[in-house]
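The values are calculated or read from the model by the stated rules, or taken from the named source; none is laboratory data. Given the structure is predicted, the values throughout are model-derived calculations rather than measurements. Note: ideal-geometry Cβ built from the backbone for every residue, glycine included; neighbour counts use all protein chains shown.
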Amino acid sequence: MRHIKWSIVLVVFALVAGLGLKKLRTGNEVSKEKFLFDTFCNVTAYGKDAGIATDDVFERLEEIHGLTNVFSEDSEVFRINSAKAGEVVEVSDELAEILTVAQSVEVASGGAFDVSIAPVVMLWQFDGEGRVPDDTEIAEALAVSGSGIIMFDKEKKTVVKSHDEAKIDLGGVAKGYAGDEAVRILAEYEVSGAIIDLGGNICCIGKNPNTANGKWRIGVQTPFAATGEYDEENIIEISEGAVVTSGTYQRYFEKDGKTYHHIIDPKTGRPAQRDYSSVTVVVSSSLLGDCLSTACFVVGGEEAEKLAEEFGAEIFIN
Ligand code: AMP
Ligand code: MG
């Protein structure tokens with residue numbers, strides 16, 4: 001009899017503890033930040049598995065960073081960039097996925113988005129102090145970039161360069177792929193909602209516990225204002241998907257009173273001079289959004305609207 005009573009007490013205790021634990025878990029919020037892809041990457045997840053899921057996400061982000069980092073001798077991008085003309089370079093499934101989407105946006109944008117722009121980007125040294133190259137240097141770099149320089153075969157998953165000096169730069173697309181991968185991983189866990197911010201590439205999944213309708217409210221950064229500052233009319237509300245911004249204020253340097261930003265117009269080999277500072281793309285895939293935001297910045301105006309529409313995306317020009 002005594003034994004039975006204790007069992008009942010234990011069961012009740014277990015139930016209460018279980019309920020308490022559940023409440024704690026559903027209210028569980030985990031936020032982590034790391035510097036990757038040359039920017040601050042933040043993941044905030046809610047729900048029972050928020051901690052383990054974010055750990056897993058960051059492990060994957062580091063892998064993708066390792067794969068796509070143009071400066072790391074261990075990266076796949078470095079392997080492609082060091083290959084000789086005519087050499088057949090086999091690429092991983094990840095790189096093939098990135099290059100497939102990049103290629104489709106390159107074709108649709110008439111080359112405004114082009115990962116083979118790397119030799120030109122490198123001249124400007126945006127990753128360092130910044131440097132203004134002369135006309136000859138730009139002409140030489142443009143001669144080893146553009147259509148036909150990097151041949152990617154999506155069926156065979158191979159890359160062949162037509163010039164030793166041809167290179168790729170995934171700076172305009174790697175974070176996008178990483179955002180999609182983060183979403184894929186989070187969806188495998190018991191996570192009620194999550195928001196991923198990879199330096200201007202935002203992805204959302206599930207419900208936002210801090211809004212009445214469960215939607216995510218993303219404020220588009222006011223160009224050149226303090227980080228995190230946005231206008232009330234520039235808030236985008238979404239249930240899921242990606243909001244990706246390309247802006248002149250994200251990376252630039254000043255020389256002799258002039259500002260030079262990091263989005264290159266492949267037609268000139270110089271920063272795309274436009275009368276706006278940023279383009280924000282709202283679309284389901286962040287990989288596609290990343291290619292499109294850079295492409296739409298370069299083409300601008302009605303052409304940008306048409307390009308976005310072609311891929312089922314919405315754009316905001318600021
Ligand atoms: P994002 O911030 O996504 O617009 O990407 C800008 C980055 O993409 C730059 O820092 C360069 O590494 C690279 N980039 C610059 N111009 C282009 C271009 N026209 N096409 C593809 N990548 C580019
Ligand atoms: Mg981009």
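Brief remarks on what is shown
- For the residues Glu90, Glu106, the requirement of being of a type in the set (D, E, K, R), at pLDDT 95 or above, touching a strand residue (DSSP E or B) at 6+ places or on another chain (Cβ under 7 Å) and closer than 20 Å to Gly148 by Cα singles out Glu90.
- Residues in segment 137-186 that are over 22 Å from Gly111 (Cβ atoms) and either of a type outside the set (Lys, Arg) or within 12 Å of ligand 1 (Cβ to nearest atom) (or both): 9 in all.
- Unique residue being assigned to a loop (DSSP other than H, G, I, E, B) and either more than 16 Å from ligand 2 (Cβ to nearest atom) or of a type outside the set (Ser, Thr, Tyr) (or both) when the list is Ala139, Ala112: Ala112
- Boolean, Ala226 is aliphatic (A, V, I, L, M) and more than 16 Å from ligand 1 (Cβ to nearest atom): yes
- Boolean, Ile185 is in a helix (DSSP H, G or I), more than 20 Å from Ser246 (Cα to Cα), at pLDDT 95 or above and of a type outside the set (Phe, Trp, Tyr): yes
- Within segment 289-318, tally of residues that are within 19 Å of the chain's Cα centre (by Cα) and within 12 Å of ligand 1 (Cβ to nearest atom): 10
- Where a residue in segment 234-254 is touching a residue at least 24 places away in the same chain (Cβ under 8 Å) and assigned to a strand (DSSP E or B) and its partner, wherever it lies, is within 12 Å of ligand 1 (Cβ to nearest atom) and charged (D, E, K, R), with Cβ under 6 Å and at least six apart: Val244/Asp290
- The requirement of being of a type in the set (D, E, K, R) and more than 16 Å from ligand 2 (Cβ to nearest atom) is satisfied by Lys161.
- Phe78 meets the conditions (1) more than 15 Å from ligand 2 (Cβ to nearest atom); (2) within 19 Å of the chain's Cα centre (by Cα); (3) of a type in the set (A, V, I, L, M, F, W, C); (4) closer than 24 Å to Phe40 by Cα in every case but one. The failed one is (2).
- Of all residues in segment 261-314 being within 12 Å of ligand 2 (Cβ to nearest atom), touching a Cys at 6+ places or on another chain (Cβ under 7 Å) and aliphatic (A, V, I, L, M), the one that is nearest to Glu137 (Cα to Cα): Val279
- Strands (runs of 3 or more DSSP E) fully within segment 24-98 counting 3 or more residues that are touching a residue at least 12 places away in the same chain (Cβ under 8 Å) and among the hydroxyl-bearing types (Ser, Thr, Tyr): 39-46
- Restricting segment 247-260 to residues that are of a type in the set (S, T, N, Q) and within 23 Å of Leu142 (Cα to Cα), the residue that is surrounded by the fewest Cβ atoms within 10 Å (Cβ to Cβ): Thr259
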